[in-house]
Amino acid sequence: MIRQPPLLAAIIICAVVISALRINHHNDVIAPSDLERQRIQAADQLTEAYAHSRFADWHIYATAAKEDCSVLLIHVTNLTLEDSLVEGLYYGAGAYGVTPGGLNRYYQDQGFRGLVFNDGSDKMWTYGNVTESEMRKAVICGGSNE
């Protein structure tokens, strides 16, 4: 058996431990896919569109939600939503039109599977392939609206 000097042995052990930590770290962190990044960007762009519209005072924020960023969450902070108001935003009719075809068309065109409105109260309005109970446990995807 060849004896290694103690310092060299310590350096080798440290290098092995650091390499193992890096491997584990990279396996634990999953980078968003291109589709997830596109959804996050679409939500950020929608937030910007509302911020520069007649609805700026309503403080409407769009966020990609769920583990796969597949749900578009519309959160209104400065107003209590009502059914008729949500429908106006959803269909984009008349004065509520910020995007062509309203949020109904926007969420589908941007590859989201569902759309949820929330105003900070306990009530939610869901459209598409998403349920209120699943949104109670939803995570927010990265982006400027976190």
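Do you know which residues across region 79-131 are of a type in the set (Phe, Trp, Tyr) and in contact (Cβ under 8 Å) with a residue 40 or more places away in the chain? Matches in region 79-131: 106, 112, 117, 125. Helices (runs of 4 or more DSSP H) fully within region 37-146 that include at least 1 residues being buried (at least 17 other Cβ atoms within 10 Å of the Cβ) and modelled with pLDDT of 95 or more: 83-91, 102-109.
The values are calculated or read from the model by the stated rules, or taken from the named source; none is laboratory data. Here the structure is a predicted model, which means the values were calculated and not measured. For neighbour counting, all protein chains shown are included, and Cβ atoms are generated from backbone atoms with ideal geometry for every residue, glycine included.
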